[in-house]
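Everything on this sheet refers to the single structure shown next.
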Amino acid sequence: MNMGYDDTDIVVRIKSQVYKLKHRRVEGFVDKSLLSACLINEIKYLFSLLDKDLQQEILKQPWLDE
C-alpha cells in the first residue's frame, strides 16, 4: 500500500513536513494558506500509511508538538 517506501522513509518524511509547517507558522505565514493545507494533508496521508503501533509512537514524539 505504501508504494515501496518503508516505515522509516515515511516517518522521516512526516518529520520533515512537520518542521516545514512549524517554520511557516513561526515566520508568520497564515495557517490557511494553500501550502500549509498541502503540508497538513500530506502529513495526514503519510500518517495513515503507518500501522497503529507506529502511529501511537509518533503521537508521543516531542517534535510533533515543539
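Results, tabulated for the structure shown:
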| quantity | calculated |
| --- | --- |
| Near pairs, Cβ below 6 angstrom, 6+ apart or cross-chain, from the range 40-66 (assigned to a helix (DSSP H, G or I)) to any residue that is acidic (Asp, Glu) | Leu54/Asp7 |
| Leading residue by the ranking (nearest to the chain's Cα centre (by Cα)) among those in the range 30-65 that are under 13 Å from Asp7 (Cα atoms) and aliphatic (A, V, I, L, M) | Leu46 |
| Residues satisfying the stated conditions in the range 1-11, i.e. assigned to a helix (DSSP H, G or I) and either surrounded by 12 or more Cβ atoms within 10 Å (Cβ to Cβ) or at pLDDT 95 or above (or both) | Asp7, Asp9, Ile10, Val11 |
| Within the range 21-51, considering residues that are at pLDDT below 90 and surrounded by 13 or more Cβ atoms within 10 Å (Cβ to Cβ), the one farthest from Leu64 (Cα to Cα) | Phe29 |
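The values are calculated or read from the model by the stated rules, or taken from the named source; none is laboratory data. All values reported here derive from a predicted model rather than from experimental measurement. Note that each Cβ is placed from the backbone with ideal geometry, even for glycine, and that neighbours are counted across all protein chains shown.
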